[in-house]
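The values are calculated or read from the model by the stated rules, or taken from the named source; none is laboratory data. Predicted model, so just to flag it, every value in this text is computed and none were measured. Cβ placement follows ideal geometry from the backbone for every residue including glycine, while neighbour counts extend to all protein chains displayed. SASA here: full protein model, heavy atoms, side chains in, ligands and nucleic acids out. Shrake-Rupley method; radii C 1.70, N 1.55, O 1.52, S 1.80 Å.
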Amino acid sequence: MQPAWEVLLDQTAFYPTSGGQPNDLGLLGEAVLLDVRDGEEGIAHIVDRELEKNGVKGCVNWPRRFDHMQQHTGQHLLSAMFQGRFGLPTVSFHLGVETCTIDLHGGEPSRDLLIGAQRAANKVIFEDRGVTVRYGTREQLARLGVRKEVEREGLLRAIEIEDADLQPCGGTHVKSTGQIGMILVRGCSKVRQDWRVEFVCGRRAEQAGTEDFERERGLMGVLGCALDELPAAVERLTAERDANFKSLRGALQQLAGLWGGQLASTAPAGANGVRVASLLLRGAHPELLLPLATEIAKSERTIALLILEESGQLVFAQHPTAGKDLGAVLKSVLAVHPGKGGGSKDFVRAKLAEAGSSAAALELAKSIVAA
Ligand SMILES: [Zn+2]
């Protein structure tokens with residue numbers, strides 16, 4: 001915690017956090033502003049050092065303020081398009097560090113609707129219409145047709161976008177729609193009963209477009225294709241991956257068939273005549289465990305105890321004639337070497353919490369089934 005001072009001024013150009021818009025930052029004399037709050041006694045400027053009491057010059061961090069103006073005016077415009085064209089009112093607004101969101105009340109906005117609202121808003125931006133401040137009582141403004149009525153009494157401040165929107169608001173806005181630059185809708189998701197639309201305006205839209213391009217360029221390099229070929233290239237890769245996985249599974253199944261039979265026939269038989277094929281597998285594919293254990297357990301009076309050394313994954317399986325309760329065996333093993341898993345009397349699978357205990361767990365399982 002750094003020491004801080006709260007400063008009240010007789011007038012200020014600094015905007016305090018309110019109405020979904022974050023506070024301004026900047027300097028008051030030599031002091032750095034840490035926060036600006038809408039307090040009970042007026043606008044409170046939180047600074048990092050004490051100020052002289054005979055007047056001070058302020059300096060607003062303009063890039064930050066202008067960014068907020070772009071996002072906030074863009075929000076008015078986008079909300080007006082959603083409501084006016086598609087009957088979806090905005091119930092809340094948040095101006096975040098990277099993106100902005102509005103929550104729309106009503107049915108799920110389709111892709112066409114989202115793009116339609118974006119396009120209509122951008123058309124108003126390209127026409128560079130005026131954005132003006134109007135004052136009036138709640139009733140006067142209501143007669144002019146505000147988008148969303150507010151509950152406040154007295155003289156209200158409203159923002160009018162020429163032939164597009166009128167909305168009571170105390171935030172900061174640009175002078176004409178051209179200064180918004182561009183609105184890009186970036187996503188839509190359900191939040192409780194409403195639809196949260198993510199969007200960016202102005203400099204943020206430029207940055208989002210640039211980042212998209214950089215990502216795509218990276219992918220083009222990795223996949224060795226042109227931009228418009230990207231979706232097809234990714235689809236091809238996915239299909240190849242699925243085909244490779246299928247053929248790998250086939251090969252593992254074949255390996256399990258050959259090796260499992262051999263392991264079952266060479267496994268030593270205990271005093272009770274039950275054969276136990278136990279194996280601590282190193283560098284094996286995890287998908288081999290299941291078919292190999294299944295293959296071994298096809299032989300009568302045979303038990304398979306398989307553990308992958310590197311991961312602690314295990315599969316125990318038996319031919320029903322072996323007559324053990326592998327569920328109970330697993331329970332005893334996990335009591336000493338913790339892990340998660342389960343199964344039936346004839347088949348269990350699990351993963352040990354510590355891969356390092358794989359060898360000891362296998363020895364323990366062997367001694368239990370030999371008893
Ligand atoms: Zn506003």
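Note on the range 60-127: with neighbouring protein chains present and a 1.4 Å probe, carbon and sulfur make up 54 percent of its accessible heavy-atom surface.
Note on the range 251-312: antiparallel DSSP beta bridges, both residues inside, total approximately 10 percent of the bridges counted. Comparing Thr238, Thr321, Thr99 in a Gaussian network model of the chain where C-alpha atoms under 10 Å apart are linked, the largest mean-square fluctuation is found at Thr321. Between Arg203 and Arg217, full extension at 0.36 nm per residue minus the direct alpha carbon distance yields a gain of 3.0 nm.
Give the lysines whose C-alpha is closer than 30 Å to that of Lys298, dropping any in the same chain fewer than 8 places away, or say none. List returned: Lys246, Lys324, Lys331, Lys340, Lys345, Lys351, Lys366.
Radius of gyration (Cα atoms) of the range 152-193, expressed as a multiple of 2.2 N^0.38 Å: 1.59.
Compared with the direct C-alpha span, the chain from His94 to Glu50 gains 12.6 nm at full extension, assuming 0.36 nm per residue.
Within the chain, antiparallel bridges make up roughly 90 percent of the DSSP beta bridges whose residues both belong there.
Take the Kirkwood radius over Cα pairs of the range 289-371, plug it into Stokes-Einstein at 37 °C and 0.692 mPa s, and you get 268 µm²/s for translational diffusion.
Straight-line cross-link partners of Lys148 among the aspartates and glutamates, defined as a Cα under 12 Å from its Cα and at least 8 positions apart when in the same chain: Asp165.
If you take the Cα centroid of the range 166-186 and the Cα centroid of the range 258-306, the two points sit 71 Å apart. Ranking of Phe126, Phe316, Phe66 by solvent-accessible surface, largest first: Phe126, Phe66, Phe316 (1.4 Å probe, protein heavy atoms only, all chains present). What aspartates and glutamates does Lys190 reach when the alpha-carbon gap must be under 15 Å and sequence neighbours fewer than 8 apart in one chain are set aside? Qualifying aspartates and glutamates at Cα under 15 Å: Asp103, Glu108, Glu198. Packing-based ranking of 116-122, 344-350, 138-144 yields 116-122, 344-350, 138-144, ordered from highest to lowest mean Cβ neighbour count within 10 Å. Computed over Cα pairs, the Kirkwood radius of the range 31-81 leads via Stokes-Einstein (1.002 mPa s, 20 °C) to a diffusion coefficient of 158 µm² per second. Only DSSP H runs of four or more residues enter the estimate; each adds -39500 (n - 2.57), and after division by the residues of the chain the mean residue ellipticity at 222 nm equals -12500 deg cm²/dmol. For the range 48-119, the ratio of Cα radius of gyration to the globular rule of thumb 2.2 N^0.38 Å stands at 1.63.
Each part gets one Cα centre, and for the range 1-34 versus the range 340-361 those centres are 60 Å apart.
Of the GluC sites (Glu not before Pro) found in the range 2-77, the ones in coil according to DSSP and having at most 15 other Cβ atoms within 10 Å of their Cβ are Glu30, Glu40, Glu41, Glu50, Glu52. What percentage of all Cα-Cα pairs in the range 86-191 are separated by more than 19 Å? The answer is 52 percent, as a whole percent. Taking only the C-alpha atoms of the chain, Rg followed by Dmax gives 34.2, 101 Å. Membrane-span-like helices in the chain, defined here as complete DSSP H runs extending at least 20 Å along the helix axis by their C-alpha atoms with mean Kyte-Doolittle hydropathy no lower than 0.0, are 111-126; this is a sequence and geometry rule, not a statement about a membrane.
Scaling the Cα radius of gyration of the range 4-157 by the globular reference 2.2 N^0.38 Å produces a ratio of 1.25. Note on the range 216-321: antiparallel DSSP beta bridges, both residues inside, total approximately 45 percent of the bridges counted.
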